[in-house]
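Novice: This is the structure I have questions about; it appears just below.
The values are calculated or read from the model by the stated rules, or taken from the named source; none is laboratory data. Quick caveat: nothing in here was measured; it's all calculated off a predicted structure. Glycine gets a Cβ as well: all are built from the backbone with ideal geometry, and neighbour counts include every protein chain shown.
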Amino acid sequence: MIAIDLFAGCGGLSLGFQNGGFDVVVAFDNWDPAITVYRENFKHPIIKYDLSDEDDCTIFQRYSPDLIIGGPPCQDFSSAGKRDETQGRADLTLSFAKIVTTVKPRWFVMENVERIIKSNALKEASNIFGLAGYGTACKVLDASLCGVTQKRKRFFMVGELNGKGGFLDAYLEDNLSKNPMTVRDYMGDSLDVEHYYRHPRNYNRRGIFSIDEPSSTIRGVNRPLPKGYKGHPADSAPVSDDVRPLTTIERSCLQTFPENFTWSGSKTTLEQLIGNAVPVKLAEFVACCLREYISDCNLNQAKYKPRQISMEKLLASQR
């Protein structure tokens, strides 16, 4: 099944769907640092392209994709952003919808932050998909229940041409892990700390976390522990010399990029790329659910019994 990736960034969504059995043949993005990293890690091409221009879709149609995946920029919806749809990035959600409904793949997958649920852009995009004949399944997934050691909630809309609404709901729900994955579950004893610092958005929030819990959301900033940080009642440990921030590479591991993934660029740029990326194993979880659904449809089964996706299998490529 041929897939193309729009707003590909450094490739978290591409790698997850590739691991999940889809043939990603090309990606598109418009940010040079992301394009550079993507090219260093994938055999297929990534094309620099302004995806706000959806008037001519010939460049996408030439690949005859079965699936279009993408995560339009989320700053206008993000809790870390201004939450202002007038800033223009929300329009890229509509660009994604217009490209999909022009190219008409059998399926599409769109990823974004949880807050997009309250946006006018999502309502308008949903209307565009519906008028084009797509049935959609929408789900906010907690990444820590999907093979990712991170308490990161992300919205997914999966569409099927001429499909029914909610067609993937049972697969997404029944394949979730019963327990959240901790940092220790995923990284074992590879870290030399029991507690680490993650800079809070403000000091009303905790900053020190244990590796025996899921990480909080990996964001695009990574700052050292300030000398003036006095601690927070919810911190997992007091401030000490044994507490440090995670390195850039360690943070990429919490985003479930493999150890052999190649990173290049300034530290600031890499932190932004990593923070903006879709966790690889979260994308792989969605890909596996979709592939299972497609397999069941191909077998013409009137009823199905969703199989539990083995977390060990999802992690196997990382070991």
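Novice: State which residue is farthest from LEU145 (Cα to Cα) when the search covers only the stretch 283-316 and only residues that are among the hydroxyl-bearing types (Ser, Thr, Tyr) and at pLDDT below 50.
Specialist: At the first step, the residues of the stretch 283-316 found to be among the hydroxyl-bearing types (Ser, Thr, Tyr) are 293, 295, 304, 310.
Now narrow it down to the ones that are at pLDDT below 50: 304, 310.
Numbers: TYR304: 22, SER310: 12 Å.
Restricting to residues being among the hydroxyl-bearing types (Ser, Thr, Tyr) and at pLDDT below 50, the top hit is TYR304.
Novice: Just for the stretch 152-167: of the residues that are among the basic types (Lys, Arg) and not in a loop (DSSP other than H, G, I, E, B), which one is farthest from the chain's Cα centre (by Cα)?
Specialist: Keep residues of the stretch 152-167 that are among the basic types (Lys, Arg), which gives 152-154, 164.
With not in a loop (DSSP other than H, G, I, E, B) added as a condition, the list becomes 153-154.
Working: LYS153: 9, ARG154: 7 Å.
Applying the filter and picking the extreme gives LYS153.
Novice: Between a first residue in the stretch 254-274 that is closer than 22 Å to LEU191 by Cα and a second residue that is among the acidic types (Asp, Glu) and surrounded by fewer than 18 Cβ atoms within 10 Å (Cβ to Cβ), which pairs have beta carbons less than 6 Å apart while being 6 or more apart in sequence or on different chains?
Specialist: Every condition considered, the pairs that remain are THR262/GLU40.
Novice: Here's a follow-up. Condition first: in contact with an Asp or Glu (Cβ under 9 Å, 6 or more places away or on another chain), of a type outside the set (Val, Ile, Thr), modelled with pLDDT of 95 or more and not in a helix (DSSP H, G or I). Can you find one or more residues in the stretch 248-257 that meet it?
Specialist: No; the residues of the stretch 248-257 include none that is in contact with an Asp or Glu (Cβ under 9 Å, 6 or more places away or on another chain), of a type outside the set (Val, Ile, Thr), modelled with pLDDT of 95 or more and not in a helix (DSSP H, G or I).
Novice: Right, something else. So, in the stretch 203-220, how many residues would count as being within 30 Å of SER266 (Cβ to Cβ) and touching a helix residue (DSSP H, G or I) at 6+ places or on another chain (Cβ under 6 Å)?
Specialist: Residues flagged as within 30 Å of SER266 (Cβ to Cβ) and touching a helix residue (DSSP H, G or I) at 6+ places or on another chain (Cβ under 6 Å) within the stretch 203-220 amount to 6.
Novice: PHE60 fails exactly one of the following numbered conditions: (1) part of a loop (DSSP other than H, G, I, E, B); (2) surrounded by 21 or more Cβ atoms within 10 Å (Cβ to Cβ); (3) among the aromatic types (Phe, Trp, Tyr). What is the number of that condition?
Specialist: The single condition PHE60 does not satisfy is (1).
Novice: What number goes with the only condition from (1) free of Cβ contacts under 8 Å to residues at least 40 places away in the same chain; (2) assigned to a strand (DSSP E or B); (3) buried (at least 23 other Cβ atoms within 10 Å of the Cβ) that ALA125 does not pass?
Specialist: (2)
Novice: Among PRO72, PRO65, which is the only one that is assigned to a loop (DSSP other than H, G, I, E, B), under 11 Å from ASP5 (Cα atoms) and within 20 Å of the chain's Cα centre (by Cα)?
Specialist: Details: PRO65 fails: within 20 Å of the chain's Cα centre (by Cα).
Only one candidate qualifies: PRO72.
Novice: Looking at the stretch 1-44, which of the residues that are small (Gly, Ala, Ser) and assigned to a loop (DSSP other than H, G, I, E, B) is nearest to GLY275 (Cα to Cα)? Lay out the reasoning, then the answer.
Specialist: Kept after step one, since they are small (Gly, Ala, Ser), are these residues of the stretch 1-44: 3, 8-9, 11-12, 14, 16, 20-21, 27, 34.
Cutting the leftovers down to assigned to a loop (DSSP other than H, G, I, E, B) gives us 8-9, 11, 20-21.
Working: ALA8: 14, GLY9: 11, GLY11: 12, GLY20: 22, GLY21: 25 Å.
Out of the qualifying residues, it is GLY9.
Novice: Right, another one. From the residues in the stretch 168-189 that are touching a residue at least 60 places away in the same chain (Cβ under 8 Å) and part of a loop (DSSP other than H, G, I, E, B), which one is nearest to ILE68 (Cα to Cα)?
Specialist: Only one residue tops the list, namely LEU168.
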